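Down below is the structure, laid out as structure tokens.
The values are calculated or read from the model by the stated rules, or taken from the named source; none is laboratory data. All figures in this text were calculated on a predicted structure; none of them were measured in a lab. Every residue, glycine as well, gets a Cβ built from its backbone with ideal geometry; the counts of neighbours run over all protein chains shown.
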Amino acid sequence: MLTIDPDKVCAIIVKARVFDADLPHEGDDHGSDLAHGEVDELEEHVEPEDEAHDDNTEDELRSLIDDLNDDEQVELVALAWLGRGSYGIEEWAEA
């Protein structure tokens, strides 16, 4: 069972996508591979002031993660592993 607030996860995902979109991708000019509808859905969970992009995106992302307690950080990493396919849902305890 997750203890991390889903709104925190969504805020981190949106901020990470903004950060990732600003990085040059070797051989990939498309940036994020989320469909527009998925991005819109994620953005619904973020406060308007968090949506504005500025030069502090990386610092803001780091701050969001640093503000999580240890258990929440562990769950965030496990969710990332699950999301990228390193683990399946049946392996949640392992992740």
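Taking every residue in segment 72-85 that is more than 11 Å from residue 3 (Cβ to Cβ) and pairing it with any residue that is surrounded by 14 or more Cβ atoms within 10 Å (Cβ to Cβ), at least 6 positions away or on another chain, the pairs with Cβ-Cβ distances below 6 Å are 78/95; 81/87; 81/95; 82/95.
For segment 82-91, filtering for residues that are over 12 Å from the mean Cα position of the chain (by Cα) and either of a type in the set (Gly, Ala, Ser) or surrounded by 10 or more Cβ atoms within 10 Å (Cβ to Cβ) (or both) leaves 6.
Taking the condition of being closer than 24 Å to residue 89 by Cβ and either touching a Leu at 6+ places or on another chain (Cβ under 6 Å) or surrounded by 12 or more Cβ atoms within 10 Å (Cβ to Cβ) (or both), how many residues in segment 60-76 meet it? Total meeting the criteria: 7.
Per the listing 31, 27, the residue uniquely of a type in the set (Gly, Ala, Ser), in contact with a Lys or Arg (Cβ under 9 Å, 6 or more places away or on another chain), modelled with pLDDT under 85 and more than 25 Å from residue 1 (Cα to Cα) is 31.
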